[in-house]
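Participant: Take this structure, written in structure tokens, and hold onto it; I'll ask about it next.
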Amino acid sequence: MNKLWLIVQREYLTRVQKKSFILTTLLIPFFFLLFIVVVSFIFSYEENEKNKIAIIDEAGIMNKTMKDENDLYFSFPNEGLASLKEKVANKEYNGVLVIPKPSSIEVKDFTVNYYTEDQLSLTTQISLERKIGRKIRDYKIATLGLDKNQLETLQSNVSIDPEPIKEGAQNQSSITGNILTAVGMMLGFIMVMIISINGSQVMMGVMEEKTNRIVEVMVSSVKPFELMLGKLIGIGGVTLTQMAIWAILFPLIFLGAQLFMGIDTAQTQVEMATAGSGISDEQAQDMALQIFTEISAINWWLIIPAFIIYLLLGFFMYSSLYAAAGSAIGDDLSEAQKLTLPLTLPIILSFYTMIPAMQAPNGTLATWGSIFPISAPFIMPARLAFDPPMWQVALSLILLIGTTVFFVWISGRIYRVGIFLYGKKVTFTEMGKWLFYKD
Amino acid sequence: MPILRLENVIKTYENHTAVNNVSFDVPKGSVFGLLGPNGAGKTSLIRIITTITGADSGAVYLDGEKLNSNHPSQIGYMPEERGLYKKMKVGDHLMYLAQLKGLSKKAAKEQIHYWFDKFSITDWWDKKVEELSKGMQQKIQFIATVIHRPKLLILDEPFSGLDPINTNLIKSEIDEMNQNGTSIIFSTHRMEQVEEVCEHIVLINQGQKILEGKVADVKNQFKDNLYKIKYTGSLPDNLQMTDAADDSYKIIGQGKKSITVQVTEESASNKLLNYLISKGVHIQSFNEILPTLNEIFIKQVGESEE
């Protein structure tokens with residue numbers, strides 16, 4: 001036990017004290033922030049493009065007024081199309097909008113010509129179409145002599161609000177489903193990244209010990225299994241440390257950015273997501289607020305500990321196999337691919353199973369994917385936000401614990417033989433035989 | 001009581017027997033040679049003694065006690081294939097290995113400083129292993145092997161890759177440790193080294209013991225009763241060994257001012273000497289020719305494979 005602790009300590013400390021670890025851990029949140037700032041700059045850059053638009057209102061439906069908005073500036077000069085076109089060519093205007101007189105009040109499809117030398121961007125086009133549409137509507141209302149207020153009451157916005165059957169269950173709003181899916185996918189994605197990155201870390205560590213021949217020295221003091229387990233626990237600890245630092249650093253940096261630089265990261269993200277859909281800033285702000293209310297309403301007190309448990313189990317399950325693969329590879333790096341393919345494949349498959357599973361988080365695929373131990377670490381945490389039935393979580397955990405213990409055992413058996421073999425190509429059949437070697 | 005006793009040790013792998021019913025004793029305080037060609041089963045035997053693997057059957061006793069999990073801390077093992085963590089600092093590395101051998105932090109530190117002083121490398125603590133030359137790394141390797149002051153030291157090809165200066169340094173350290181009571185097992189196929197340092201040997205081939213005993217006894221056992229006689233002046237022309245009382249001499253080699261004579265029985269050497277003197281030969285030296293361990297090794301290994 002004491003020896004195991006010494007190994008864990010060494011594996012942990014040598015990694016945590018590395019410059020590369022300190023740099024990546026501290027810099028990644030900053031890069032992430034930088035990424036968001038750059039992206040938001042790119043998005044706002046387009047909005048800053050001022051469009052001066054001259055309108056020729058042949059129909060006389062505009063009343064010479066059109067509200068400037070989103071960097072669109074309108075004017076109604078008393079000039080003909082020909083001279084305005086010249087002004088567009090001279091860059092005095094960005095374009096000329098010619099509104100023809102509708103042939104009758106019943107016309108529903110209305111074509112407006114826009115003369116310009118620039119490319120009309122999608123957002124500008126949508127914005128213009130909507131504005132002109134509203135003007136035409138007002139014009140029709142006035143012409144038909146309808147009461148505008150009465151007409152407004154005809155329009156109703158419908159949103160579906162899911163309500164739980166059982167009393168006391170958490171109430172959900174209409175966008176909850178989307179948010180939970182997004183959160184679930186993110187958790188699954190983080191899981192895939194962590195498990196595959198750390199798996200190869202473990203493998204490289206084992207290969208290094210073998211090619212260095214330090215393993216020959218080590219085994220005269222400790223059992224090979226202790227050596228392997230120590231490495232797994234040490235690297236697992238490094239991962240948890242990194243995540244803990246990020247859990248503190250990410251919110252701090254984002255909060256700091258908001259306070260000192262006035263960058264509203266949340267809104268930027270919503271803007272990024274809604275750009276081009278014609279949603280106004282106010283709507284975006286509302287949406288951001290709603291999303292954040294929804295996200296904070298998720299049962300994080302269940303999801304975070306569960307995520308960590310699944311992360312640890314998944315890590316031990318896969319990393320032990322990576323350690324076994326590393327022990328069998330030794331000097332020959334080209335061997336690595338053959339031996340690690342059976343490990344990366346299930347991770348990738350699980351990830352691709354998770355995507356459709358999140359569309360129907362209580363469907364058959366999601367249910368069995370989150371119970372089957374090989375894919376459970378990726379799919380169950382993603383499902384947790386959707387409150388899956390307790391028996392499924394329990395079953396999934398029991399199977400996962402069992403499989404993890406079994407895989408760690410198998411890997412230990414392969415490892416203890418593999419680390420002593422040099423310059424020999426290893427087949428899977430051979431590795432299978434190693435399981436039954438006596439100590 | 002021997003420091004190490006092996007009784008009918010057998011270890012089989014999937015398709016071959018690495019150690020086939022081997023028994024021998026390593027006397028306490030001795031320097032013991034474990035010899036054999038490559039692939040003879042030396043490393044398999046050492047791995048059993050160091051508890052890295054277990055024997056399929058048979059028993060191993062360390063200092064009279066059946067081998068158990070406490071024993072690795074009493075054994076120092078320097079494997080033939082050896083290495084260190086390249087990125088670790090020398091001091092930290094030795095601390096780590098020493099603590100794994102059961103030393104307390106304090107004791108480990110004391111020992112490291114003791115050896116650093118001894119090898120005059122006191123400023124190495126903060127150096128990274130990868131900054132050291134190969135010879136320097138081997139010094140560290142040696143310190144790591146002996147830092148816990150083991151009762152039994154097992155050195156597998158200890159001098160392979162060592163320069164002459166380090167070889168001498170390590171040799172004298174081994175000597176000193178042996179004089180202080182440490183028993184040492186030397187595993188090698190370099191016979192000239194064995195003759196230099198070992199008192200006892202065991203020869204293994206194809207997993208089986210083919211020879212065992214004190215170096216002097218083994219040599220005697222395999223000697224051919226040959227004598228090399230150097231003389232000044234000249235031999236009488238008619239020197240006939242058969243002139244002596246019986247047919248017990250035979251000149252089997254003649255060099256410039258020397259002859260090699262084989263006697264049929266050991267006690268005949270005096271008679272031979274007397275005979276030569278009586279014939280007026282001026283004898284400069286009269287030496288028994290003993291076989292080198294190398295010769296015995298090659299002969300025995302060859303025979304065992306026939």
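The values are calculated or read from the model by the stated rules, or taken from the named source; none is laboratory data. All values derive from a computational prediction rather than experimental measurement. All Cβ positions, even for glycine, are placed from backbone atoms using ideal geometry, and neighbour counts span all protein chains on display. The area values use the complete protein model at the heavy-atom level, side chains included, leaving out ligands, DNA and RNA. Shrake-Rupley method; radii C 1.70, N 1.55, O 1.52, S 1.80 Å.
Participant: List the GluC sites (Glu not before Pro) in the range B:1-109 that DSSP assigns to loop (not H, G, I, E or B) and whose Cβ has at most 14 other Cβ atoms within 10 Å. Which are they?
Facilitator: Working: sites: B:7, B:14, B:65, B:80, B:81; in loops: B:14, B:80, B:81.
Answer by residue number: B:14.
Participant: Going through the range A:21-129, which trypsin sites (Lys or Arg not before Pro) have at most 13 other Cβ atoms within 10 Å and a DSSP loop state?
Facilitator: Numbers: sites: A:50, A:52, A:64, A:67, A:85, A:87, A:91, A:108; in loops: A:50, A:64, A:67, A:91, A:108.
Loop-located and lightly packed - A:50, A:64, A:67, A:91, A:108.
Participant: For the range B:32-126, just the Cα atoms, rotate onto the principal axes and tell me the three extents in Å, largest first.
Facilitator: On the principal axes, the range B:32-126 reaches 47, 30, 25 Å in Cα extent.
Participant: Here is a further query. How high is the relative contact order of chain B? Use alpha-carbon pairs under 8 Å, at least six apart in sequence, and give a whole percent.
Facilitator: Answer for chain B is 20 percent.
Participant: Using alpha carbons only, what's the Rg to Rh ratio of the range B:116-261 with Rh from Kirkwood? Before the final figure, lay out the partial values.
Facilitator: Working: Rg = 23.7 Å, Rh = 19.8 Å.
Radius of gyration over Kirkwood radius for the range B:116-261 works out to 1.20.
Participant: Pairwise over distinct Cα atoms, reciprocal of the mean inverse distance: report the Kirkwood radius of the protein assembly as shown in Å, one decimal place.
Facilitator: For the protein assembly as shown, the Kirkwood estimate is 34.1 Å.
Participant: Okay, next question. Using only the Cα atoms of chain A, what semi-axes does the equivalent ellipsoid have when each is the square root of 5 times a gyration tensor eigenvalue? Give whole Å, largest first. Walk me through the intermediate numbers first.
Facilitator: Working: eigenvalues 756, 134, 75 Å².
With the √(5λ) rule applied to chain A, the semi-axes are 61, 26, 19 Å.
Participant: Here is a further query. Please tell me which of these pairs span more than 24 angstrom C-alpha to C-alpha: A:85/A:140; B:257/B:299; B:11/B:299; A:18/A:231; A:223/B:11? All intermediate terms of the calculation are to be shown ahead of the outcome.
Facilitator: Values: A:85/A:140 29 Å; B:257/B:299 30 Å; B:11/B:299 26 Å; A:18/A:231 16 Å; A:223/B:11 19 Å.
In this structure, A:85/A:140; B:257/B:299; B:11/B:299 lie more than 24 Å apart at Cα.
Participant: For the range A:108-126 and the range B:22-48, compute the distance between their C-alpha centroids and round to whole Å.
Facilitator: Using only Cα atoms, the two centres lie 92 Å from each other.
Participant: Tell me, what is the percent relative contact order of chain A, built from C-alpha pairs under 8 Å that lie six or more residues apart? Present the calculation step by step, with values, prior to reporting the outcome.
Facilitator: On the way: 469 pairs, mean separation 81.7, N = 439.
Once divided by the residue count of chain A, the mean separation gives 19 percent.
Participant: From largest accessible area down, sort A:307, A:189; use a 1.4 Å probe on the protein chains.
Facilitator: Working: A:307 20, A:189 100 Å².
Highest to lowest solvent-accessible surface, that is A:189, A:307.
Participant: Shielding of B:78-90 by partners, i.e. mean partner chain Cβ atoms within 10 Å per residue? If you can, show how the numbers build up before the last one.
Facilitator: Numbers: counts 3, 7, 2, 9, 6, 11, 4, 8, 3, 4, 4, 1, 0.
The shielding value for this peptide is 5.
Participant: Now for a separate question. Using the Kirkwood radius over Cα pairs, work out the Stokes-Einstein diffusion coefficient for the range A:314-379 at 10 °C and 1.306 mPa s, in µm²/s as a whole number. Write down the numbers at each step before the final one.
Facilitator: Details: Rh = 12.9 Å.
For these conditions, the coefficient is 123 µm²/s.
Participant: May I pose another question? Among rounded, prolate and oblate, which fits the range A:302-439 when a ≥ b ≥ c are the square roots of the eigenvalues of its C-alpha gyration tensor, a/c under 1.5 means rounded, and a/b larger than b/c means prolate? Can you show the working numbers first?
Facilitator: Details: a/c = 2.96, a/b = 2.14, b/c = 1.38.
Judged from the Cα gyration tensor, the range A:302-439 comes out prolate (a/c at least 1.5, a/b above b/c).
Participant: Can you list the residues of the range A:198-239 whose accessible area drops by at least 50 Å² going from the chain on its own to the full set of protein chains, with a 1.4 Å probe?
Facilitator: Residues shielded by partner chains are A:212, A:213, A:214, A:216, A:217, A:218, A:220, A:221.
Participant: So for each of A:358-364, A:115-121 I average, over its residues, the number of other beta carbons within 10 Å; can you give me the resulting order with the highest mean first? Walk me through the intermediate numbers first.
Facilitator: Details: A:358-364: 14.9, A:115-121: 12.6.
In decreasing order of mean packing, A:358-364, A:115-121 become A:358-364, A:115-121.
Participant: With the convex hull built on the Cα atoms of the range B:1-48, state its orientation-averaged projected area in nm².
Facilitator: Working: hull surface 14.3 nm².
Over every viewing direction, the Cα hull of the range B:1-48 projects on average to 3.6 nm².
Participant: With every protein chain kept in the model, how would you rank A:403, B:232 by accessible area, 1.4 Å probe, largest at the top? Show your work: numbers first, answer last.
Facilitator: Numbers: A:403 25, B:232 65 Å².
From most exposed to least exposed: B:232, A:403.
Participant: Give me the percent of the accessible area of the range B:4-220 that comes from carbon and sulfur atoms, probe 1.4 Å, all protein chains in place. Intermediate values should be presented prior to the final figure.
Facilitator: Numbers: 3950 of 8850 Å².
Whole-percent figure for carbon plus sulfur exposure: 45.
Participant: Could you work out the equivalent-ellipsoid semi-axes for the range B:77-163, taking the square root of 5 times each eigenvalue of the Cα gyration tensor, largest first, in whole Å? Before the final figure, lay out each step's value.
Facilitator: On the way: eigenvalues 64, 55, 27 Å².
Equivalent ellipsoid of the range B:77-163: 18, 17, 12 Å, largest first.
Participant: Along the three principal axes, how long is the range A:49-154 when you take its alpha carbons, biggest first, rounded to the nearest angstrom?
Facilitator: Taking the Cα atoms of the range A:49-154, the three principal extents are 46, 26, 22 Å.
Participant: Same structure, new question: Could you list the square roots of 5 times each eigenvalue of the Cα gyration tensor of the range A:376-439, that is, the equivalent ellipsoid semi-axes, sorted largest first and rounded to whole Å? All intermediate terms of the calculation are to be shown ahead of the outcome.
Facilitator: Values: eigenvalues 262, 30, 13 Å².
Equivalent-ellipsoid dimensions as semi-axes: 36, 12, 8 Å.
Participant: If I fit a long axis through the Cα atoms of helix A:2-16 and take the longest principal axis of the Cα atoms of chain A, what angle between them do I get, 0 to 90°, rounded to 10?
Facilitator: 40 degrees
Participant: Next up: Tilt of helix A:122-144 relative to the longest C-alpha principal axis of chain A, in degrees (0 to 90, nearest 10)?
Facilitator: Result, in degrees: 40.
Participant: Where only protein heavy atoms count, and the probe is 1.4 Å, what is the accessible area per residue for the protein assembly as shown in Å²? Before the final figure, lay out each step's value.
Facilitator: Numbers: 38490 Å² over 745 residues.
In whole numbers, the protein assembly as shown has 52 Å² accessible per residue.
Participant: Then there's this: Among A:201, B:36, B:99, whose Cα projects farthest towards the positive end of the dipole of the protein assembly as shown, with charges put on the beta-carbon of Lys, Arg (+1) and Asp, Glu (-1)?
Facilitator: It is B:36, whose Cα lies furthest towards the positive end.
Participant: Enter the buried accessible area of the A/B pair, total of both sides, probe 1.4 Å, in Å² rounded to the nearest 100. Mind showing how you got there, number by number?
Facilitator: Numbers: alone 25330 and 15570 Å², together 38490 Å².
Chain pair A/B: roughly 2400 Å² of buried accessible area.
Participant: How compact is the range B:4-220 by the rule of thumb for globular proteins, expressed as Cα Rg over 2.2 N^0.38 Å? Before the final figure, lay out each step's value.
Facilitator: Working: Rg = 17.4 Å, N = 217, 2.2 N^0.38 = 17.0 Å.
That works out to 1.03 for the range B:4-220.
Participant: I would also like to ask the following. Within chain A, what whole-number % of the accessible surface is contributed by carbon and sulfur, with the 1.4 Å probe and all protein chains included in the calculation?
Facilitator: Working: 15340 of 24120 Å².
Its accessible area is 64 percent carbon and sulfur atoms.
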